[in-house]
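One structure is given below, encoded as structure tokens.
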Amino acid sequence: MKVKELIDRFEQFAPKAIAEPKDPVGLQLGSLDAEFHHVLVTLDVRPEVVQEAIEIGADLIFSHHPVMFRPAKNLDLSDPQNQMYADILSHHITVYSAHTNLDSADGGMNDWLADALKLSDTTGLWDGVVDPQYMLTVRVQPMYADAVRLAMVGAGAGDLDRYAGASFEWNGTTWYTPLEGADPELGPVGERNHVDELSIQARVQGNQLAKITQAVSEVYPGGHPALEVLPLKNGGHQYSMGRIGTLAQSMTVREFADYCKTVFQVPGLRLVARDLDKPVQRVAVLGGDGGKFFKLAQSKGADIYVTGDVYYHTGHDMLAANFPVVDPGHHIESICKPKLAELFGKLRIENRWDFEISVSQLNTDPFTFI
């Protein structure tokens, strides 16, 4: 199967449109039209991960962290990063990365981290992109209505909170006067005529609009349906970065830090706190580099905050605010590896696809605790 088939389905879960501005998500190297048979899931794309992919015969690498945060200035192969690119291309491997779109996706990275901590009643920490919602109306002759309706809802139109494939339709009459070059089956040129038509209407999420209109065009006679797309002022879906939730029972800061070491399987972590015996229960978590959001976490009622890559001076600000923060490192996002493999496994079954899925066995954390 083609890489594009898997990616199109994945992007319904984590659309590229919800990534943060300038985040280089999506295709990194290779081609979406390439055939693949074996995907390797990883947190980072490093030279050793590429060699792992080569050894197991993977022809698709799916990562969380983009392989190309910064463009290459040259292709000097004495640079290990450039040699890695060369190895990827010479072995016909496609690389795709889902970064902040996976962080913000419902049921994505930050939900996985919150679930690992066993947080309940979770809400978003930082509001990111709003995916707009539209009302799509298609006019069609009655004989084609069922095919068009099924194409619309099959592509995702009309999916509401508790309902799937919801649509509305009404009958009407279209009046027109054919001009030179018009379809002769629609009446003589210059004579007023009419035809009975149905209007089919359904709500559509912005990230699915193009796919749904394409599905309608593919089944509509002639491929040029009459479409009306209206934005809904009160529609849309709010995506959020980070999560805030509640522990089943209160812990001290010290106990919670030890709990994080166990949950995330790290040998050590950094703790910013004045009072290690302070009780905490409401927890904010944001995978990756989220130190700058500590004031937001505090203002939203969190007792403690879990994030990575806390900077020295930001740590001083956290102390001054008397807000405890646990920094278990950026690598805790490796939780995505089994979760993505599980997601791809479900998609494989649902779509009757045939490809292998492997999880990288390498630890790409650059830091060692001694």
Leaving out ligands, DNA and RNA, and with a 1.4 Å probe, what % of the accessible surface on the chain is carbon or sulfur? 51
Kindly identify the range 80-178 as rounded, prolate or oblate by the Cα gyration tensor criterion: order the square roots of the eigenvalues as a ≥ b ≥ c, call it rounded if a/c is under 1.5, otherwise compare a/b with b/c, prolate if a/b is larger, else oblate. oblate
log10 I(q)/I(0) for the range 223-297, Debye formula on C-alpha points only (no solvent), q = 0.15, 0.16, 0.27 Å⁻¹, two decimals, reads -0.66, -0.73, -1.48
Return the equivalent ellipsoid semi-axes of the range 211-370 as a descending list in whole Å, where each equals the square root of 5 times an eigenvalue of the C-alpha gyration tensor. 41, 24, 14
Let me know the volume per residue of the alpha-carbon convex hull for the chain, in Å³. 189
Measure off 7 Å from each Cα along the Cα-to-Cβ vector at Lys295 and Ala248, then give the distance between these two points in nanometres to one decimal. 3.7
A correct Kirkwood calculation over the Cα atoms of the range 5-83 returns a hydrodynamic radius in Å of 14.0
Per-bin percent of Cα-Cα distances, the range 211-251 [5 Å]: 5, 14, 13, 11, 11, 11, 8, 7, 6, 6, 5, 3, 1, 0
Which of the trypsin sites (Lys or Arg not before Pro) across the range 10-76 are loop residues per DSSP, with 14 or fewer other Cβ within 10 Å? Lys22, Lys73
Per residue, accessible area of the range 165-320 with a 1.4 Å probe, heavy atoms of protein chains only, in Å², comes to 57
Please compute the length gained on full extension between Asp365 and Asp8, using 0.36 nm multiplied by the number of residues separating them and subtracting their Cα-Cα distance. 125.5 nm
Kindly report, to the nearest 10 Å², the accessible surface of Glu218 as traced by a 1.4 Å probe over protein heavy atoms only. 130
Protection proxy ranking, peptides 151-161, 314-324, 348-358, 331-341, average beta carbon neighbours within 10 Å, highest first: 331-341, 151-161, 314-324, 348-358
For the chain, averaging the sequence separation of alpha carbon pairs under 8 Å that lie six or more residues apart and dividing by its residue count, the contact order in percent is 20
With N denoting the number of residues in the range 135-283, provide Rg(C-alpha) divided by 2.2 N^0.38 Å, to two decimal places. 1.88
Multiply the residue separation of Ile54 and Glu356 by 0.36 nm, subtract the distance between their alpha-carbon atoms, and state the gained length in nm to one decimal. 107.3 nm
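The values are calculated or read from the model by the stated rules, or taken from the named source; none is laboratory data. Since the model is a prediction, treat every value here as computed from it, not as a measurement. Cβ: placed from backbone, ideal geometry, glycine included. Neighbour counts: every protein chain shown. Just the protein is used for accessible areas: all its heavy atoms, side chains included, with ligands, DNA and RNA removed. Shrake-Rupley method; radii C 1.70, N 1.55, O 1.52, S 1.80 Å.
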